[in-house]
1. Could you please let me know if residue 57 is at pLDDT 95 or above, surrounded by 12 or more Cβ atoms within 10 Å (Cβ to Cβ) and not aromatic (Phe, Trp, Tyr)?
2. Limited to segment 110-156, what total is found for residues that are within 30 Å of residue 49 (Cβ to Cβ) and either in contact (Cβ under 8 Å) with a residue 40 or more places away in the chain or acidic (Asp, Glu) (or both)?
3. Name the single residue that is nearest to residue 171 (Cα to Cα) among those in segment 127-160 being in contact with a Gly (Cβ under 8 Å, 6 or more places away or on another chain) and buried (at least 20 other Cβ atoms within 10 Å of the Cβ).
4. State yes or no: is residue 100 surrounded by 14 or more Cβ atoms within 10 Å (Cβ to Cβ), at pLDDT below 95 and under 26 Å from residue 170 (Cα atoms)?
5. Name every residue in segment 1-36 that is over 41 Å from the mean Cα position of the chain (by Cα), assigned to a helix (DSSP H, G or I) and of a type in the set (A, V, I, L, M), in order of residue number.
6. Are any residues in segment 1-55 among the small types (Gly, Ala, Ser) and closer than 30 Å to residue 93 by Cα, and if so, which ones?
7. Failed condition for residue 93, given (1) in contact (Cβ under 8 Å) with a residue 60 or more places away in the chain; (2) among the polar types (S, T, N, Q); (3) under 20 Å from residue 124 (Cβ atoms); (4) surrounded by fewer than 13 Cβ atoms within 10 Å (Cβ to Cβ), with all others met?
Amino acid sequence: MSKVKRFFPDLKSLIVSTVVILLLLIFAVVVTDHNNVRRLHRYLWEAEAAKEACYSLIEQRLGYAKALVRIIDNQVDTGRVEEVIGQWDGAASVDEASVLYKTLDDELALLQRKAVEHESYRAWSPYFDRMYLIEMELTKASAHYQERAEFFNAQKGGFPARLAARRLDLEDLLLFDFGSSLKGRP
């Protein structure tokens, strides 16, 4: 009869081996978690930077709209545009910014229809043109933000990252909803 060879010759080697394996597993979990936290923060930072670029362009457009309202100087009714401009808050959520941008765009379209019939339109048209160019830039910037936000949301939803995101209280990023306003008209 052959003697069965034991994997661990004594209790001490069993305990040492078990402790080493547990330490390696703990180290792997900690490293994976740290990597997920770092990745999520990087993706979040990229999305926030893209959002700030969009907000900067919206603020530029609002600045030109304010200047246009001052130049028009009540030659055409600008009351509603002024109200919308006054509602802007740079710390607004993406949803609030989207609603405000759509409202601003609608009011500027109405203002342009009224202004085009006025004799001073030639003096005002550079402002409308500049707002159009800013709108074209905003189209690209908002597409970049949408891409970054969707990527962050997708990465946050993956298994190991989901645990880190839940622990860090990271919420899904909201997407801009003013695509219908970015129609590229002068």
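The values are calculated or read from the model by the stated rules, or taken from the named source; none is laboratory data. Treat the numbers as computed from the prediction; the structure is a model and nothing was measured. Neighbour counts are summed over all protein chains in view; Cβ atoms, including those assigned to glycine, are modelled from backbone coordinates with ideal geometry.
1. So residue 57 fits the description; yes.
2. Within segment 110-156, residues that are within 30 Å of residue 49 (Cβ to Cβ) and either in contact (Cβ under 8 Å) with a residue 40 or more places away in the chain or acidic (Asp, Glu) (or both) number 24.
3. My answer is 142.
4. Criteria met by residue 100.
5. Those that are over 41 Å from the mean Cα position of the chain (by Cα), assigned to a helix (DSSP H, G or I) and of a type in the set (A, V, I, L, M): 11, 14, 15, 16, 19, 20, 21.
6. Result: 47, 49, 50, 53.
7. Failed condition: (3).
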